[in-house]
Amino acid sequence: MRGAVLYGPRDVRFEERDEPKIIKPTDAVIRISSACVCGSDLWPYRGIQPIVQPTPMGHEYCGTVEAVGREVRNIKPGQFVVGSFATSDNSCIICQHGYQSSCVQREFMSGAQSPFLRVPLADGTLVPTPDVPSEDLIPSLLTLSDVMGTGWFAADAANVKPGSTVAVVGDGAVGLLGVLSAKQMGAKRIIAMSRHASRQKLAREFGATDIVEERGEAGVERIKEMTKGIGADSVLECVGTQESMTQAINSTRPGGYIGYVGVPHGVSLDGEQLFFSHVHLHGGPAPVRRYLPELIKLVLNGKINPGKVFDLSLPLDQVAEGYRAMDERRAIKTLLRPNGTK
Ligand SMILES: [Zn+2]
C-alpha cells in the first residue's frame, strides 16, 4: 500500500509502505474510510518539532475492522469503528478516572494517512458504531478521533456550563470545534477570536455570538470591555504559543477556567502572575476515548455536524498538497480520501 511519510520540513511523500499486520494479540487492523491532516502535524511539517527519521503520518482515523488479534473480545471484523489518537486499555486506574490519553499502556498513533492502520489495544481504544454509518456521516465521525474530541475537552476542561460566557483563542479547526462544543454545552455567549472571514463565518455557524479580531493585549482589552471589565468564565486556549496562552490567562475572570489544548511550544508561565490571576488551568492531550460514546451518539442523531470543518477534500495521493494548503492557511482542515473512494 502507499501512505504519507514525512522526511523533513515541508517534505511529505506518498510512497510504498508495508501493509500493517496484527503484531500483538490485542491489535486490530482497520481499513481507513477517510483520513485527515491535523494542526499538530504542522509542527513537524514546519520543522518546529524535528523528526529523527522518515515518519509515517496521521493519527485521526475511522474505518472498518479487517482483522483482530486472538485476545480481542469486543471488536469484530466488519464493524465500523472510531478510535482515539492515543491508545488506551480503558481499564487501568488512570483510564478509570477518565484520562485515557495518559493510560499506563498509551501509545500515540501514527500512520493513519494510508489505506490501512494497525491499532494497538483494540478493545480499549476503539468504539464501534451500532451500524455501518452512511457516507455523509464519515467526515463528522472522523473528527471525533482527535480534532472534535479535543475541542470538546477544551470546553469541558474550561468548565463550560449552561449560561457561561466563553472566549475561544485560536481559529484553527480545534478552536472552531471548541465553539461548537461550548454551544452544545449551553454557553450563552461565545466570543471567537479570529481575523479570517471564512473562519469567522464557520465560527458563527457553530454558535459564536461575537467575533474579536484583535490579539494579544488588544484582544484581552476587547474581552474585558465585553464582560464589564471582569473577563470570561471559560477560556479555550487552542493554539499553544506564548501569546495565545498569555492572552487566555488575562482574558479569564478571577475564579474562571482555562482549558488548554494547543500543544505548548516555547510557553513559560510567570508563577506570580498566575498566582494572582486566580484562574483554574487544565489541559493536556485530550482524553478523546472518554468522550467517544457520547460524541458518536450526537453525530448519529444529527445534533452536531463537526465534519463541516473540512473545507478541502483530496484523494490520499495528493496528501502533500493537503499539508501545503493548511500550512499556508488556505484550508482550515484537509480531508483525505483513500484512492478509489469518493
Ligand atoms: Zn489505561
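Laboratory data are not the source of any read-out in this text; all were calculated from the coordinates shown. If you're wondering where the values come from, they're calculated on a predicted model, not measured in any experiment. Heads up, the Cβs are rebuilt from the backbone with ideal geometry, glycines too, and the neighbour counts pull from every protein chain shown.
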Under the Karplus relation 6.51 cos²θ - 1.76 cosθ + 1.60, θ = phi - 60°, what is the ordered set of whole-Hz ³J(HN,Hα) values for region 120-129, x standing for Gly and Pro? x, 6, 3, 4, x, 9, 9, 10, x, 8
Distant-in-sequence amide H partners of TYR260 (H built 1.01 Å from N, under 5 Å): GLU237, HIS282, GLY283, GLY284
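With N set to the number of residues, divide the alpha-carbon radius of gyration of the chain by 2.2 N^0.38 Å and report two decimals. Mind dumping the intermediate values first?
On the way: Rg = 19.5 Å, N = 342, 2.2 N^0.38 = 20.2 Å.
It is 0.97.
For VAL267, VAL82, VAL132, VAL166, what's the fewest-to-most ordering of other Cβ within 10 Å of each Cβ? Please list the in-between numbers first.
On the way: VAL267 17, VAL82 29, VAL132 11, VAL166 33.
In increasing order of surrounding Cβ atoms, one gets VAL132, VAL267, VAL82, VAL166.
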Summing Lys, Arg as +1 and Asp, Glu as -1, what charge do residues with Cβ under 13 Å from the Cβ of GLY149 carry, GLY149 excluded? -2
Tell me, what ³J(HN,Hα) does each residue in region 262-277 have, in order and in whole Hz, if you take phi through Karplus 6.51 cos²θ - 1.76 cosθ + 1.60 with θ = phi - 60° and put x for Gly and Pro? x, 5, x, 10, x, 9, 10, 10, 8, x, 5, 5, 5, 4, 7, 6
Potential extension, LYS297-GLU225 segment - 0.36 nm per residue separation minus Cα distance: 22.1 nm
Residues LYS297, LYS333, LYS303 in order from fewest to most other beta-carbon atoms within 10 Å are LYS303, LYS297, LYS333
Could you put ASP327, ASP156 in order, starting from the residue whose Cβ has the fewest other Cβ atoms within 10 Å? ASP327, ASP156
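Pop the C-beta distance of SER198 and GLN96 into the FRET formula with R0 = 45 Å and round what comes out to the nearest 0.05. Intermediate results must be reported in sequence, preceding the final value.
On the way: r = 42 Å, r/R0 = 0.93.
In this case the efficiency is close to 0.60.
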Could you derive backbone 3J(HN,Hα) for region 74-80 from the dihedral phi with the Karplus parameters 6.51, -1.76 and 1.60 (θ = phi - 60°), listing whole Hz in sequence and x where the residue is Gly or Pro? 9, 9, 10, x, x, 6, 8
Quick check on region 85-172: take the gyration tensor over C-alpha atoms, sort the square-rooted eigenvalues as a ≥ b ≥ c, and tell me if it's rounded (a/c under 1.5), prolate or oblate. oblate
In nm, to one decimal, how far is the modelled label at GLU205 from the one at VAL104, with both set 7 Å along Cα→Cβ? 4.5
Taking the Cα centre of the chain as origin, sum charge times position over the Cβ atoms of Lys and Arg (+1) and Asp and Glu (-1), and report the length of that vector in debye to the nearest 20. 600
